[in-house]
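Q: Questions regarding the structure given below will be posed in turn.
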Amino acid sequence: MSMSVVIPLYNAAAHIGATLDAVLAQTRPPREVIVVDDGSEDAGPAIVAGHGERVTLLRQPQNCGVQAARNRGIAAAAGDWIALCDADDLWAPDYLARQAALLAAAPRLDFTFANFRRLVDGAPEAFTKFDQAPAGFWQEAGRRVLPEGWVFDRPIAGLTFVWHPIFPSATVLSRALVAAVGGFDPALAARAEDGEFTLRCLYRAAVGALPEPLVTIRRHEGNTTRDVVRSLADEVTALQFVRAHHEAARPYWPVIDAEIRKRRIAAAHGAFAQGDHALLRRLVADIAPADRGTALRAKAAVAALPPPLDAWTNAALQRLSALAGRRGGR
């Protein structure tokens, strides 16, 4: 069993050194480590080059997007298995060893993922991703517990429309599966592009998981997923793409439609809180009148006011809401 590590790099000089150190310190070394520089304008490529022959550095002269970078790295990889990692995330020393042990214990698997913990501006969150699972999620997935990890005896694609426990840096998948699903789609520009790729894998893959948090996902100012509102809006875009283009998603259309509505509404309220009235207007235009509710209709009315009246009214309403919240908490 040979594993190739693929890391896309774009302006991550502050983090790529520690990420590579963690990859190269694995108790089960990978066959190779491939970093694809996607047109970085900082010192990241030089830091990668400083690791010498232990790391293969591929260069793209201009920024083509994380999907294209991952695809190029996967195409260049020689291993039977692909371990994805982002340029700012960290693996525990036994991460690859634990993945390999699960794959050896359950040879039919072709997709595995691990639990992870977020590190927000240097401070670890108290809970892991798996701690946030909805009640009954793992049981509904047909979880079978082995000493080496979990194996799911039922497809989990439909479950992940409601709650998605999979992150690229905690994923290992077979080269054959990547070839079957066609790689990452560069046409999908939303920041939730990895979720779309994962779904195409989950429709057909035999899936396993490692319940221990063996991966650290770093959140920082340069990380695009820090903006919750934009992330929700991107998830809506990705779900619409999946509904329109994934034939295998047809049985899940009711769930997808419900999630699109829920995330649009949440993003619209968040856009108002951030004062992003242009985004709020775009989101509300696609929310059915019956789903808007009194509060969202009021916020949409504020967003329709001419500037600077819209900003003044927004600020006033948020002050009143904060005041009411403080009084209610007494």
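The values are calculated or read from the model by the stated rules, or taken from the named source; none is laboratory data. It should be emphasised that the depicted structure is a prediction, and the values quoted were computed from it without experimental measurement. Ideal geometry is used to build each Cβ from the backbone, glycine not excepted, and the neighbour counts take in all protein chains shown. For accessibility, only protein heavy atoms count, side chains too; no ligands or nucleic acids. Shrake-Rupley method; radii C 1.70, N 1.55, O 1.52, S 1.80 Å.
Q: How much length is gained if the chain between D153 and M1 is pulled fully straight, taking 0.36 nm per residue apart and subtracting their Cα-Cα distance, in nm to one decimal?
A: Taking 0.36 nm per residue and subtracting the Cα distance, the gain is 52.4 nm.
Q: For the range 3-143, what's the radius of gyration and Dmax over Cα atoms, in angstrom?
A: Reported Rg and Dmax, both Å: 16.3, 47.
Q: Same structure again: Taking only Cα atoms and a 10 Å spring cutoff, compute GNM fluctuations for the chain and point out the largest among G39, G275, G17.
A: Most flexible of the set in this elastic network: G275.
Q: Solvent-accessible area of D37, probe 1.4 Å, all protein chains present, reported in Å² to the nearest ten, please.
A: So the heavy atoms of D37 present about 0 Å² to solvent.
Q: Tell me, what ³J(HN,Hα) does each residue in the range 156-173 have, in order and in whole Hz, if you take phi through Karplus 6.51 cos²θ - 1.76 cosθ + 1.60 with θ = phi - 60° and put x for Gly and Pro?
A: Once rounded to whole Hz, the list reads 10, 4, x, 5, 6, 5, 8, 9, 10, x, 10, 10, x, 5, 10, 10, 10, 9.
Q: In cubic angstrom, how much convex hull volume per residue do the alpha carbon atoms of the range 3-68 span?
A: Dividing the Cα hull volume of the range 3-68 by its residues yields 76 Å³.
Q: Filter the chain for me: DSSP H helices, axial length by Cα at least 30 angstrom, mean Kyte-Doolittle hydropathy not below -0.5. List them by residue number.
A: Helices passing the filter in the chain: 253-274.
Q: With unit charges on the beta carbons (Lys and Arg positive, Asp and Glu negative) and the dipole taken about the Cα centre of the chain, which residue among I7, H164, L309 sits farthest to the positive side?
A: So the residue furthest toward the plus end is L309.
Q: Additional query: Could you give the semi-axes, largest first, of the ellipsoid that matches the chain, computed as the square roots of 5 times the alpha carbon gyration tensor eigenvalues and rounded to whole Å?
A: Equivalent-ellipsoid dimensions as semi-axes: 37, 24, 19 Å.
Q: Can you pull the percent of the chain's accessible area that's carbon plus sulfur, 1.4 Å probe, other chains left in place?
A: 56 percent
Q: Scale the Cα Rg of the range 148-295 by the rule-of-thumb value 2.2 N^0.38 Å and send over the ratio, two decimals.
A: 1.14
Q: How much accessible area per residue does the chain have, counting only protein heavy atoms and a probe of 1.4 Å, in square angstrom?
A: 45 Å²
Q: Using only the alpha-carbon atoms of the range 228-311, report the extent along each of the three principal axes, biggest first, to the nearest angstrom.
A: In descending order, the Cα extents are 47, 23, 17 Å.
Q: Return the ratio Rg/(2.2 N^0.38 Å) for the range 57-134, where Rg is computed over Cα atoms only.
A: The range 57-134 yields a ratio of 1.36.
Q: Across the range 92-217, what fraction of all alpha-carbon pairs, as a whole percent, falls in each successive 5 Å bin from zero upward?
A: 2, 10, 21, 24, 22, 14, 6, 1, 0
Q: Determine the relative contact order of the chain: mean sequence separation of Cα pairs under 8 Å and six or more apart, normalised by residue count, in whole percent.
A: Across the chain, relative contact order equals 16 percent.
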